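The values are calculated or read from the model by the stated rules, or taken from the named source; none is laboratory data. Everything numeric here is computed off the predicted structure, so don't read it as measured data. Don't worry about glycine lacking a Cβ; one is built from the backbone with ideal geometry, like all the others, and counts go over all protein chains shown.
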Amino acid sequence: MDKHLHIISFDVPFPANYGGVFEIYHTLRSLHREGVKIHLHCFDYGRGQQPELKKYCESVHYYERHTGHKGFSMKLPYIVSSRANPELQENLSRDDHPILLEGIHTSYYLQDDGWKNRKVALRLHNIEHEYYRQQGKQSNSLFRKLYFWNESRLLKAYEKKIANRCLVLAMVEKDANYYRTQLGSKQSAYLPPFIGWDYPHCEEGVGHFVLYHGNLAVEENQRAATWLLQEVFNNVEIPFVIAGKDPSPALEALAHQQQHTCMVSNPSDLEMEDLIKKAQIHILPSFTDTGVKFKLLHAVFCGRHIVANEEMLEGTKLDSACHVAKNADAFKSILMQLYRKPFTDDEIMLRDQLLQDYYNNTDTARRLISWLW
């Protein structure tokens, strides 16, 4: 019998050029490969309809997200209330196929009793109230700080309310434990993220520069890039490249103040892949320890040496593939040791083992299928 599945995505999951949609896109790809017939529902607020998604889905539906004051609620988190859409509810009511909710963002109708007798799984991308709390700490804007604080407050109450209404599938084990112990979920489990690689694409030898990459519109990534420029590469004159989406003018200016540092703004997918392959070292500090950082996975399975801190590695099981630094001086010391050190086939084999043990798309897809049917 055919397995049909509704997947509700908080954004249009192509192009797969930032963490959240990257994981959703590869969920589609992996489940399709296992024969699941996917009915995708996604909220479009700027990315537009994407023919690429039809390769993996039986049907693709697009819904407007009510941004600004139209999506605001005094009682519900904005990321949830702005995605309430009666047309989505109507489309889901036409059958009884299982539903996979990608992110708390898509869970508005979990509050109703309409899905009480339906198989529903919530794919947890973060403990969202903690993620918003930590983003608020990173922001320099008073308005943004207030927004993140209020959203975190509403999310905490909301997550507790819906924690026991479906199967919760977390990308890191500590998030599954949090839902069990702190929010009272009786059905929570760890399911690794789906990723874009079935084997490592790393190149041996020596690269040409140190790279930090990420979505630079996100406060945490902006702060990390600024910290690297001011605290690490202020007196380490190794070529340093920052690459990513939508950097602020202030960050761009800072990146070009020194002769050995530069910025690549809004690189294409091909340009980003080229940068990741040519880098000698990937430098990845983080000031938050929530969720999985997909830029780390990208570096592990496509790049050479990696220097990261404990917050970046939290819950990933990738410590053995990285050099761990605790402060700016430690980052500097490790950079000097690795900058001319060839990356070897033995290190690629270690990463292949990690991929097979923890990030195997086929195993992850089959585990998800066994839970949904």
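Would you check if A308 is out of contact with any helix residue (DSSP H, G or I) (no Cβ under 6 Å at 6 or more places or on another chain), farther than 19 Å from E23 by Cβ and buried (at least 21 other Cβ atoms within 10 Å of the Cβ)? In short, yes. One residue stands out among those in segment 319-344 that are of a type in the set (F, W, Y) and more than 25 Å from the chain's Cα centre (by Cα): the one that is nearest to E231 (Cα to Cα), which is Y339.
For segment 313-320, the condition holds for no residue, the condition being that it is out of contact with any Leu (no Cβ under 8 Å at 6 or more places or on another chain), hydroxyl-bearing (S, T, Y) and crowded, with 17+ Cβ neighbours inside 10 Å. Considering segment 225-240, the residues that are surrounded by 20 or more Cβ atoms within 10 Å (Cβ to Cβ) and either among the hydroxyl-bearing types (S, T, Y) or not in a helix (DSSP H, G or I) (or both) include one that is farthest from the chain's Cα centre (by Cα), namely F233.
Within segment 170-224, how many residues turn out to be part of a loop (DSSP other than H, G, I, E, B), crowded, with 22+ Cβ neighbours inside 10 Å and free of Cβ contacts under 8 Å to residues at least 60 places away in the same chain? Going through segment 170-224 one residue at a time, the tally reaches 2. Screening D11 with (1) touching a helix residue (DSSP H, G or I) at 6+ places or on another chain (Cβ under 7 Å); (2) over 17 Å from S82 (Cβ atoms); (3) among the charged types (D, E, K, R) gives one miss only, at (2). Of the strands (runs of 3 or more DSSP E) lying entirely inside segment 1-111, not one carries at least 2 residues that are out of contact with any strand residue (DSSP E or B) (no Cβ under 8 Å at 6 or more places or on another chain), at pLDDT below 95 and under 25 Å from L155 (Cα atoms). Of the candidates V232, V236, the single residue that is modelled with pLDDT of 95 or more and touching a helix residue (DSSP H, G or I) at 6+ places or on another chain (Cβ under 6 Å) is V232. Remark: pairs (first residue in segment 250-263, in the same structural domain as R223 (by TED's automatic domain parsing); second residue of a type in the set (D, E, K, R) and surrounded by 13 or more Cβ atoms within 10 Å (Cβ to Cβ); Cβ separation under 6 Å; 6+ apart in sequence or on different chains) = M263/E252.
Looking at segment 274-294, can you tell me whether even one residue there is out of contact with any His (no Cβ under 6 Å at 6 or more places or on another chain), among the hydrophobic types (A, V, I, L, M, F, W, C) and closer than 30 Å to C166 by Cβ? Looking through segment 274-294, at least one residue is out of contact with any His (no Cβ under 6 Å at 6 or more places or on another chain), among the hydrophobic types (A, V, I, L, M, F, W, C) and closer than 30 Å to C166 by Cβ.
Only residues that are among the aliphatic types (A, V, I, L, M), within 23 Å of E23 (Cβ to Cβ) and touching an Asp or Glu at 6+ places or on another chain (Cβ under 9 Å) were counted across segment 262-292, and they come to 1. Close Cβ contacts (under 7 Å, 6 or more residues apart or on different chains) running from residues in segment 46-64 that are assigned by TED's automatic domain parsing to the domain that holds G35 to residues that are outside any strand (DSSP E or B) and surrounded by fewer than 16 Cβ atoms within 10 Å (Cβ to Cβ) comprise V60/K54; Y62/Q49; Y63/E87. Kindly provide the set of residues from segment 259-273 that are of a type outside the set (A, V, I, L, M) and exposed (fewer than 14 other Cβ atoms within 10 Å of the Cβ), ordered by number. Residues satisfying the conditions are Q259, H260, N266, S268, D269, E271. Scanning segment 150-164 for residues that are buried (at least 19 other Cβ atoms within 10 Å of the Cβ) and assigned to a loop (DSSP other than H, G, I, E, B) yields a count of 1.
Which count do you get for residues in segment 314-369 that are closer than 30 Å to V120 by Cβ and assigned to a loop (DSSP other than H, G, I, E, B)? Of the residues in segment 314-369, 6 are closer than 30 Å to V120 by Cβ and assigned to a loop (DSSP other than H, G, I, E, B).
Looking only at segment 116-125, decide whether some residue is β-branched (V, I, T) and under 26 Å from A224 (Cβ atoms). No, the conditions are met nowhere in segment 116-125.
For segment 279-298, state whether one or more residues are assigned to a helix (DSSP H, G or I), surrounded by 15 or more Cβ atoms within 10 Å (Cβ to Cβ) and free of Cβ contacts under 8 Å to residues at least 60 places away in the same chain. Within segment 279-298, one or more residues are assigned to a helix (DSSP H, G or I), surrounded by 15 or more Cβ atoms within 10 Å (Cβ to Cβ) and free of Cβ contacts under 8 Å to residues at least 60 places away in the same chain.
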